[in-house]
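Peer 1: Just dropping this structure here.
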Amino acid sequence: MNFKKILFVAGLAAASCFTAYAQEEVETEYVFNPHWYVQGQFGFQHTLGEIDWADLNSPNAQIAVGYNWTSIWGARLAVNAWQSKGGIQYRNNVPANQTFSYKWNYVAPTLDVTMNVTNLLWGFNPKRLVDFSIYAGAGVNVGFNNDDAETLNNQFSQDMPDQADYFAYLWTGHKTRFVAQWGFNLDFRVNDRVSLGLESSYNTLSDHYNSKKASNTDWYFNTLASVKVNLGKTYTKRAKKLTPCEPTYVDREVIKEVEKIVYRDKEVAKEGPIRRDLYFVIRGSEISTSEKVKLEEVVSYLNRNPQAKVTVTGYADKGTGNARINMKYSQARVNKVVRMLKENYNISADRISSAAKGDTEQPFAENDKNRVTILVAE
């Protein structure tokens, strides 16, 4: 009978090792690769003004070259161009509600800093369908072909003197002005190389931009559909390294099982401390079948030693995510273990202490082994 139990325990330990190997072999993780990309965009611009909204819309286009040096931060050089519009409505309404619109052209290169908000909050995942990013930057706006405003100014000066001061900031030729902008991007993944997007930007310039004196800054807003093409590989896929069973794991557990069988009906001296390391998959907090065996060994120890207590400490690997996200993962793993000890195995709460370390401490030299919760009972 005892021999059969010994064989059973040895077989169970070996099966646990096999399960761990099988599970790890199918696990993969994605490592971000810094990369360049190009964008082509087309849409429309709305210039802030005093006439009907539809009368102040113009076609708009943009090309950009960018570089993402981390999964969160990047930069791009964008050249936005085409047309802006201005509008005038009679102040004295004679004739009633008469309005004038005029247009000019421009080219506006800007340098932007980009931040991928989705990766910041939920970690890097190149297979995600939608990414949300924000950006801010500055550059110059080079205006030209302001002939419409000059023609209206001449008309007002001759025929409508009461309107002549509209164009107090009339400019001709080419004018270069500082422009600041910020906005957001929504990118919809097509494949690893191509994504379709929607961009909205908010741009502010000096009051001289639309030739009218208004004592406040001028604004235009761009809404653009885009195609983005990544240059080179954006990530590397690698299989998670196997975490083999300890070389003496089976033998040690068989010996302990033999001791339990031989001394079951005898009073046994208090055992020394026991430690078990429960490993988790990347971004996971569920306890696998193989790791549950280790947890049950700690429970068995606690049941044999009613005065013993257990310390549960959770960690996360520093090679992925960031400090805030890794603290969340380590805490989730600790909570899962503590809850199972209490609810599944009826271990009293006053016998359990716990702590989450995130990635502030790395108990193992091998990065992947730090997705671990360590139990020490004594």
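Peer 1: Find the residue count for segment 354-363, including only residues that are of a type in the set (Asp, Glu) and surrounded by fewer than 14 Cβ atoms within 10 Å (Cβ to Cβ).
Peer 2: 1
Peer 1: While we're here: Being among the small types (Gly, Ala, Ser) and crowded, with 18+ Cβ neighbours inside 10 Å is the filter here, so list the residues in segment 100-136 that pass it.
Peer 2: Within segment 100-136, Ala108, Gly123, Ser133 qualify.
Peer 1: Can you find, within segment 270-292, the residue that is modelled with the highest pLDDT among those that are over 20 Å from Ser348 (Cα atoms), part of a helix (DSSP H, G or I) and in contact with a strand residue (DSSP E or B) (Cβ under 9 Å, 6 or more places away or on another chain)?
Peer 2: My answer is Glu291.
Peer 1: Name the single residue that is farthest from the chain's Cα centre (by Cα) among those in segment 281-297 being of a type in the set (D, E, K, R) and within 17 Å of Ile374 (Cβ to Cβ).
Peer 2: Glu297
Peer 1: Do you know which of the residues in segment 201-227 that are farther than 19 Å from Pro109 by Cβ and without any contact (Cβ under 8 Å) to a residue 24 or more places away in the chain is surrounded by the fewest Cβ atoms within 10 Å (Cβ to Cβ)?
Peer 2: Here the residue is Ser215.
Peer 1: Output the residue which, of all residues in segment 135-181 that are hydroxyl-bearing (Ser, Thr, Tyr) and modelled with pLDDT of 85 or more, is farthest from the chain's Cα centre (by Cα). Can you show your working first?
Peer 2: We begin by selecting, within segment 135-181, every residue hydroxyl-bearing (Ser, Thr, Tyr); these are 135, 151, 157, 166, 169, 172, 176.
Then drop every residue that is not modelled with pLDDT of 85 or more, which leaves 135, 151, 169, 172, 176.
Details: Tyr135: 14, Thr151: 51, Tyr169: 45, Thr172: 46, Thr176: 37 Å.
Taking the candidates together, the pick is Thr151.
Peer 1: Would you point out the residue of segment 187-200, among those that are out of contact with any Lys or Arg (no Cβ under 8 Å at 6 or more places or on another chain) and open to solvent by less than 50 Å² (accessible area, probe 1.4 Å), that is nearest to Gly49 (Cα to Cα)?
Peer 2: Among residues in segment 187-200 that are out of contact with any Lys or Arg (no Cβ under 8 Å at 6 or more places or on another chain) and open to solvent by less than 50 Å² (accessible area, probe 1.4 Å), the one nearest to Gly49 (Cα to Cα) is Ser200.
Peer 1: Identify the residue in segment 22-43 that is out of contact with any Phe, Trp or Tyr (no Cβ under 9 Å at 6 or more places or on another chain) and at pLDDT 95 or above and, among all such residues, is surrounded by the most Cβ atoms within 10 Å (Cβ to Cβ).
Peer 2: Gln41
Peer 1: Please specify each residue of segment 137-152 satisfying the condition of being surrounded by 19 or more Cβ atoms within 10 Å (Cβ to Cβ) and either of a type in the set (Phe, Trp, Tyr) or within 18 Å of Ser211 (Cβ to Cβ) (or both).
Peer 2: Residues satisfying the conditions are Asn141, Gly143, Asn146, Ala149, Leu152.
Peer 1: For the list (1) touching a Ser or Thr at 6+ places or on another chain (Cβ under 7 Å); (2) at pLDDT 95 or above; (3) in a loop (DSSP other than H, G, I, E, B), I need the number of the one condition that Glu199 fails.
Peer 2: (3)
Peer 1: Of everything in segment 305-348, what is open to solvent by 50 Å² or more (accessible area, probe 1.4 Å) and assigned to a strand (DSSP E or B)? Give them in sequence order.
Peer 2: The answer is Thr311, and nothing else.
Peer 1: How about segment 364-378: which of its residues are open to solvent by 20 Å² or more (accessible area, probe 1.4 Å) and under 29 Å from Pro306 (Cβ atoms)? Let's see the steps before the verdict.
Peer 2: Pass one, segment 364-378, residues open to solvent by 20 Å² or more (accessible area, probe 1.4 Å): 364-367, 369, 376, 378.
Of everything in segment 364-378, those that are open to solvent by 20 Å² or more (accessible area, probe 1.4 Å) and under 29 Å from Pro306 (Cβ atoms) turn out to be Val376, Glu378.
Peer 1: With respect to Arg351, is the statement that it is buried (at least 20 other Cβ atoms within 10 Å of the Cβ) and among the basic types (Lys, Arg) true?
Peer 2: When the stated conditions are applied, Arg351 does not pass them.
Peer 1: Conditions first: (1) out of contact with any helix residue (DSSP H, G or I) (no Cβ under 9 Å at 6 or more places or on another chain); (2) surrounded by fewer than 15 Cβ atoms within 10 Å (Cβ to Cβ); (3) not hydrophobic (A, V, I, L, M, F, W, C). Tyr301 passes all but one, so which condition is the exception?
Peer 2: Against the list (1) out of contact with any helix residue (DSSP H, G or I) (no Cβ under 9 Å at 6 or more places or on another chain); (2) surrounded by fewer than 15 Cβ atoms within 10 Å (Cβ to Cβ); (3) not hydrophobic (A, V, I, L, M, F, W, C), Tyr301 comes up short only on (2).
Peer 1: Now for a different question. Return yes when Ser157 is in contact with a strand residue (DSSP E or B) (Cβ under 8 Å, 6 or more places away or on another chain) and either open to solvent by less than 20 Å² (accessible area, probe 1.4 Å) or among the hydroxyl-bearing types (Ser, Thr, Tyr) (or both) and no when it is not.
Peer 2: Judged against the criteria, Ser157 is not a match.
The values are calculated or read from the model by the stated rules, or taken from the named source; none is laboratory data. The structure presented is a predicted model; accordingly, all values stated were derived computationally and were not measured. Cβ sites come from the backbone with ideal geometry, for glycine too, and all protein chains shown count toward neighbours. Accessible surface is based on the protein model in full, side chains and every heavy atom, while ligands, DNA and RNA are left aside. Shrake-Rupley method; radii C 1.70, N 1.55, O 1.52, S 1.80 Å.
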